[in-house]
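The values are calculated or read from the model by the stated rules, or taken from the named source; none is laboratory data. Values in this document were obtained by computation on a predicted structure and should not be read as measured data. Here Cβ is always computed from backbone atoms with ideal geometry, including for glycine, and neighbour counts include all displayed protein chains. Each accessible area value is taken on the protein alone, full model and side chains, heavy atoms only, with ligands, DNA and RNA left out. Shrake-Rupley method; radii C 1.70, N 1.55, O 1.52, S 1.80 Å.
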Amino acid sequence: MGWRDQWKSVFAMVFVNFTFAVVNVLFKKVLDRGTNHMVIVTYRFIISAIFLAPISCYLERTSRHKLTFHILCYLFLGALVGLTLTQCLFLLGLGYTSTTFSCAFLNTVPVNTFILALPFGLERVNLKKKAGKAKVLGAVICMGGAILLCLYKGVPLKNIDEPTDIPSHVANSNTTQRWIVGSMFLMAACLSFSSWFLLQAKIGKTYPCQYSSTAILTFFAAIQSALISLIFERDLGMWVLKGKLEILSVIYAGVVTSGLCYVIMSWCVKQRGPVFTAAFTPFTQIFAAMFDVSILHDQIYLGSVIGSVLVISGLYILLWGKSNEAEEFTVKQTQLKEDVNGIGDVELQVPVTIKS
């Protein structure tokens, strides 16, 4: 790749993580106004399905595979695990905590996926090599940081006046309880999203049409979210988005983050690989922290900072291990090809004796 293409992919991934941070900030403001989180999820997936359907029909009009009942079952399960439950749990956690804190848990997704893939043989660890040791060390550090985020809040790092009509010890107790509950929801959301990657690996092999499969996933997720919303909340008035912020937030989330960003990430994975793409995940938290301080004026706590540093450090150690492992595999493949070509050359040089 030329240096221009390399910088294009860098700016593309920075843009993707910036948009993810923006949508989380918007959703936080919408949730604080009392909008039902399942309504946001449902509208987001409806808009995503409408946006992706014509794109998939056009781009994959000649290469689309046949849909079978077996594939539809996988897509339905993938939508339930990776989209509906993930978004529902994440927005619940976001409502209880802050944008920066919620985005910190997103950094655990690659590590969770690595751990869940081990029992299925999709990932292997060779502790005799540096790459294997790095992957294990990164996973342990990242999980330690996630546990610290859940259990330790620490002292506030900003001076924000507490409400005068609520005693400080009562306010701190309620905030801590909400923090712990939100952490549980966020951890569950990240585990659900990590499980989706294992399902997606199977879906990608049986139905390798990424645009069509994503459109179908978002369609199923919209139906599932609507049904869950109607089961737990019968008030039809909640489906009316009352403000411009609510309307713009769901349109932005559906078109930009679930549509445009998916296309950009697919291009980056194709150009630079999955390790390069995953390495930019912490940028979402960095941008979210900037928005939290400047726009939402949320409190930042010592436990969040320490836990985030551990999570990001563990993520990069694991990614370094995977990158190093991939380089070793490439070198071995190159040497094997050279050895095979060398054997062929030797065989060609063997003289042939013709009997008279």
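Filter segment 180-198 for residues that are at pLDDT below 85 and out of contact with any Phe, Trp or Tyr (no Cβ under 7 Å at 6 or more places or on another chain) and give the result. Reasoning before the result, please.
First, the residues of segment 180-198 that are at pLDDT below 85: 197-198.
Correct list: Phe197 only.
Can you confirm whether Ile247 is among the β-branched types (Val, Ile, Thr), over 26 Å from Ile317 (Cβ atoms) and modelled with pLDDT of 85 or more?
Details: among the β-branched types (Val, Ile, Thr): yes; over 26 Å from Ile317 (Cβ atoms): yes; modelled with pLDDT of 85 or more: yes.
So Ile247 fits the description; yes.
Looking at segment 240-262 only, could you name the residues that are over 28 Å from Ser9 (Cα atoms), touching a residue at least 24 places away in the same chain (Cβ under 8 Å) and among the aliphatic types (A, V, I, L, M)?
Hits for segment 240-262 are Leu241, Leu245.
Would you please list the contacts, defined by Cβ atoms under 7 Å and residues six or more apart or on different chains, that run from a residue in segment 222-239 that is of a type in the set (D, E, K, R) to a residue that is buried (at least 17 other Cβ atoms within 10 Å of the Cβ) and not in a helix (DSSP H, G or I)?
The qualifying pairs are Glu233/Asn36.
Report the residue count in segment 201-242 for those that are surrounded by 17 or more Cβ atoms within 10 Å (Cβ to Cβ) and either over 15 Å from Leu72 (Cβ atoms) or hydroxyl-bearing (Ser, Thr, Tyr) (or both).
Going through segment 201-242 one residue at a time, the tally reaches 13.
If we scan segment 96-103, do we find a residue that is assigned to a loop (DSSP other than H, G, I, E, B) and over 30 Å from Thr206 (Cα atoms)?
Taking segment 96-103 first, the residues assigned to a loop (DSSP other than H, G, I, E, B) are 97-98.
Next, only the ones that are over 30 Å from Thr206 (Cα atoms) stay: 97-98.
Yes - at least one qualifying residue is present in segment 96-103.
Would you pick out the residues in segment 187-200 that are over 18 Å from Ile71 (Cα atoms), open to solvent by 10 Å² or more (accessible area, probe 1.4 Å) and not hydroxyl-bearing (Ser, Thr, Tyr)?
Passing the criteria: Met187, Ala188, Leu191, Phe193.
If you go through segment 264-285 one residue at a time, do you hit one that is aromatic (Phe, Trp, Tyr), touching a Leu at 6+ places or on another chain (Cβ under 7 Å) and at pLDDT 85 or above?
No: segment 264-285 contains no residue that is aromatic (Phe, Trp, Tyr), touching a Leu at 6+ places or on another chain (Cβ under 7 Å) and at pLDDT 85 or above.
Residues to consider are Thr19, Thr100; find the one that is surrounded by 20 or more Cβ atoms within 10 Å (Cβ to Cβ) and either touching a residue at least 60 places away in the same chain (Cβ under 8 Å) or of a type in the set (A, V, I, L, M) (or both).
Working: Thr19 fails: surrounded by 20 or more Cβ atoms within 10 Å (Cβ to Cβ).
Going through Thr19, Thr100 in turn, just one is surrounded by 20 or more Cβ atoms within 10 Å (Cβ to Cβ) and either touching a residue at least 60 places away in the same chain (Cβ under 8 Å) or of a type in the set (A, V, I, L, M) (or both): Thr100.
What number of residues within segment 175-186 are crowded, with 22+ Cβ neighbours inside 10 Å and aliphatic (A, V, I, L, M)?
1
Give the number of residues within segment 40-70 that are β-branched (Val, Ile, Thr) and exposed (fewer than 14 other Cβ atoms within 10 Å of the Cβ). Before you say what the answer is, go through the steps one by one.
Going through segment 40-70, the residues β-branched (Val, Ile, Thr) turn out to be 40-42, 46-47, 50, 55, 62, 68.
If we keep only those that are exposed (fewer than 14 other Cβ atoms within 10 Å of the Cβ) as well, we get 62, 68.
The number of residues fulfilling the criteria is 2.
I'd like to check something: does segment 211-219 contain any residue that is out of contact with any Phe, Trp or Tyr (no Cβ under 6 Å at 6 or more places or on another chain), touching a residue at least 12 places away in the same chain (Cβ under 8 Å), over 21 Å from Ile71 (Cβ atoms) and part of a helix (DSSP H, G or I)?
no
Would you point out which residue out of Thr113, Thr19, Thr42 is among the hydroxyl-bearing types (Ser, Thr, Tyr), at pLDDT below 85 and assigned to a helix (DSSP H, G or I)?
Values: Thr19 fails: at pLDDT below 85; Thr42 fails: at pLDDT below 85.
Criteria check complete, one pass: Thr113.
Which count do you get for residues in segment 58-67 that are part of a helix (DSSP H, G or I) and either without any contact (Cβ under 8 Å) to a residue 40 or more places away in the chain or under 15 Å from Ser249 (Cβ atoms) (or both)?
Start the filter on segment 58-67 by keeping residues that are part of a helix (DSSP H, G or I), which leaves 58-59.
Next cut, either without any contact (Cβ under 8 Å) to a residue 40 or more places away in the chain or under 15 Å from Ser249 (Cβ atoms) (or both) only: 58.
Selection size over segment 58-67: 1.
Restricting to segment 303-316, name every residue that is in contact with a helix residue (DSSP H, G or I) (Cβ under 9 Å, 6 or more places away or on another chain), of a type outside the set (Ser, Thr, Tyr) and open to solvent by 50 Å² or more (accessible area, probe 1.4 Å). Full working, then the answer.
Initially, segment 303-316 is screened for residues in contact with a helix residue (DSSP H, G or I) (Cβ under 9 Å, 6 or more places away or on another chain), giving 303-304, 306-316.
The next check asks that each one be of a type outside the set (Ser, Thr, Tyr); those that pass are 303, 306-307, 309-312, 314-315.
Matches in segment 303-316: Ile306, Val309, Leu310.
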